[in-house]
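Every read-out reported here was derived from the displayed coordinates using simple, explicitly stated rules and does not represent laboratory data. These figures come from a predicted structure and were not determined experimentally. All Cβ positions, even for glycine, are placed from backbone atoms using ideal geometry, and neighbour counts span all protein chains on display.
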Ligand code: BES
Ligand code: MN
Ligand code: ZN
């Protein structure tokens, strides 16, 4: 991962970046922007002629300072010989995140970059900057894209970073938080990008064990098919039945001393979704290695919470199965008895995610008895039809929880939109032979999936949120801090929420 550290502006070598605020609210925005840039550049001790050139350049390109806007000024024979001017918009965390992402892409060919931080830089700004730099420079190790050659970013702060004096401790904390976010998001991306021939349920479970090893306070329990059968996780077993690579249930637990609240995070972990006997066409199947993006996100967020030592107890549950086609596949018409006794009549083997989630949620409600339960799942194609590629669907009866999660997503640079849980739609889930059916033909596919999951929330119905993140788990092209492929969607939203919900 890119090496980002605080430094002084002395002896700068290599490219230099200065930030440009949008300054929209000032009387003379252009003058305010220039003054801000000149104040940062003062630390380079440039001569008046150099400063005049730079001013002329910025006026010429009409740098607006809007978040992520970048202009590049090569200066052959001068020091520094390359200057970047990047907009941070209003200067909030999102503006700095956009600036960091843009810099990672535009300065990718430079081995080192020195970024001049303004005197009034905040910890939130540094966090956004670090997230943008680290997330946009992510590459999957099996990917075709060359990794950027940018190795090192010096953050030149006016306030020297001296732990002893404690002068910039808050800025250091902002950068440290960004690093935790980036590392866990990158893990979630790695897991989701991994091809499904390697990514079996057992492989995923091993990766979680490896990531949690040696972290005090973190424990992992993995249930294999035998344990799942003994304990009644029949839906996980049914969905995984068609595959030679058996299902698992991963339980990752973070138990800090003195925690007052217990949150359970449940993530859908279908390591590949063929649709089962109700097989998908190729167009719908080819990207189905991403169908464990929810599991990757809840694992990533829990590891991040542990790294930040957040004072809230967290249990992440990842029901993992490959929805394959085989002699032991479950069938339309089957009736499955979930953990806890609820029965589902199978109308469509391609509605498998809700089945494994049902087992895990019932277990959480009955055995773990948390204060709050949040599940994340690549659950329905209908979600993307409703909300497009970058916004996940949020469902909850709890206005406070819904608002908290929405704010967390907004601050974290992700996006959710609250959707309705219409009670009268739930009649369509009625079954002649079981408690509920697993799929319906009444439309509103994402809403119906949420209403199905509601059946497993028991007494926690009002302390539950469901996020259908089908479309946002993947990006077809690089976009700001997202790279092409897996996005790690949800790690950031969940972590932000956990940071504020103690
Ligand atoms: N994993 C899919 C949903 C999905 C589709 C995620 C596209 C990401 C992108 C899920 O298991 C599924 O197949 N859902 C069905 C449900 C239907 C059979 C009720 C769907 O959306 O068509
Ligand atoms: Mn499916
Ligand atoms: Zn699926």
Open item on the list: Rounding to the nearest 10 and keeping the result within 0 to 90°, find how far the Cα-based axis of helix 445-454 lies from the longest principal axis of the chain.
Closed with: 70
Open item on the list: Could you compute how fast the chain diffuses translationally, taking Rh as the Kirkwood radius over C-alpha pairs and applying Stokes-Einstein at 25 °C with viscosity 0.890 mPa s? Give it in µm² per second.
Closed with: 103
Task: Evaluated over region 78-175, the Cα radius of gyration and Dmax, each in Å - done: 14.1, 46
- [ ] Enter the mean projected area of the convex hull around the alpha-carbon atoms of region 166-207, in nm², rounded to one decimal.
- [x] 3.4
- [ ] Any chance you could list P(r) for region 431-476, counting all Cα-Cα pairs in 5 angstrom bins from zero, rounded to whole %?
- [x] 5, 16, 22, 21, 19, 11, 3, 2, 0
Open item on the list: I need the calculated FRET efficiency for the pair residue 202 and residue 261, taking r as the beta carbon distance and R₀ as 30 Å, to the nearest 0.05.
Closed with: 0.40
Task: Per residue, the convex hull volume that the Cα atoms of region 184-332 enclose (Å³) - done: 109
- [ ] Return, for the Cα atoms of region 63-116, the radius of gyration and Dmax in Å, separated by a comma.
- [x] 11.4, 35
Task: Helical contribution to [θ] at 222 nm, DSSP H n ≥ 4, -39,500 (n - 2.57), averaged over the chain, rounded to 500 - done: -11000 deg cm²/dmol
- [ ] Could you check how many percent of all C-alpha pairs in region 197-239 are farther apart than 15 Å?
- [x] 53
- [ ] Compute the long axis of helix 201-212 from its Cα atoms, compare it with the longest principal axis of the Cα atoms of the chain, and write down the angle in degrees, 0 to 90, nearest 10.
- [x] 50
- [ ] Could you order peptides 360-373, 41-54 by the average number of other Cβ atoms within 10 Å of their residues, highest first?
- [x] 360-373, 41-54
Task: Helix axis angle, 48-61 relative to the chain longest principal axis, alpha carbon, degrees - done: 40
TODO: Quick one: grab the alpha carbon gyration tensor of region 1-98, order the square roots of its eigenvalues as a ≥ b ≥ c, and give me rounded if a/c is under 1.5, else prolate or oblate depending on whether a/b is larger than b/c.
DONE: oblate
TODO: Using a 10 Å cut-off on Cβ atoms, rank the peptides 304-316, 435-447 from the highest mean neighbour count down.
DONE: 304-316, 435-447
TODO: Please give the FRET efficiency for residue 286 paired with residue 209, using the beta carbon to beta carbon distance and R0 = 35 Å, rounded to the nearest 0.05.
DONE: 0.75
- [ ] Could you let me know the centre-to-centre spacing of region 347-423 and region 112-129, using Cα atoms, in angstrom?
- [x] 34
Task: Taking the chain and dividing mean pair separation by its residue count, relative contact order in percent (alpha carbons under 8 Å, at least six apart) - done: 14
Open item on the list: Can you compute the modelled spin-label distance between residue 66 and residue 78, with each label point 7 Å from Cα toward Cβ, in nm?
Closed with: 2.7
Task: Cα centroid separation - region 269-344 against region 19-87, whole Å - done: 49
Open item on the list: What Kirkwood Rh does region 20-157 have if only Cα atoms enter the pairwise 1/r average? Answer in Å.
Closed with: 15.5
Open item on the list: At 7 Å along Cα-to-Cβ for each site, give me the label-to-label distance between residue 476 and residue 90 in nm.
Closed with: 3.1
Task: By average C-beta atoms within 10 angstrom, highest first, the peptides 395-404, 349-358, 237-246 - done: 349-358, 237-246, 395-404
Task: Shape box of region 318-368 [Cα atoms, principal axes, largest first, Å] - done: 34, 20, 16
Task: Relative contact order %, region 1-143, counting alpha carbon pairs below 8 Å whose residues are six or more apart - done: 30
- [ ] Using only Cα atoms, figure out Rg for region 225-307 and give it as a multiple of 2.2 N^0.38 Å.
- [x] 1.33
TODO: Could you calculate the contour length gain from residue 227 to residue 337, that is, 0.36 nm times the residue separation minus the distance between their Cα atoms, to one decimal place in nm?
DONE: 38.0 nm
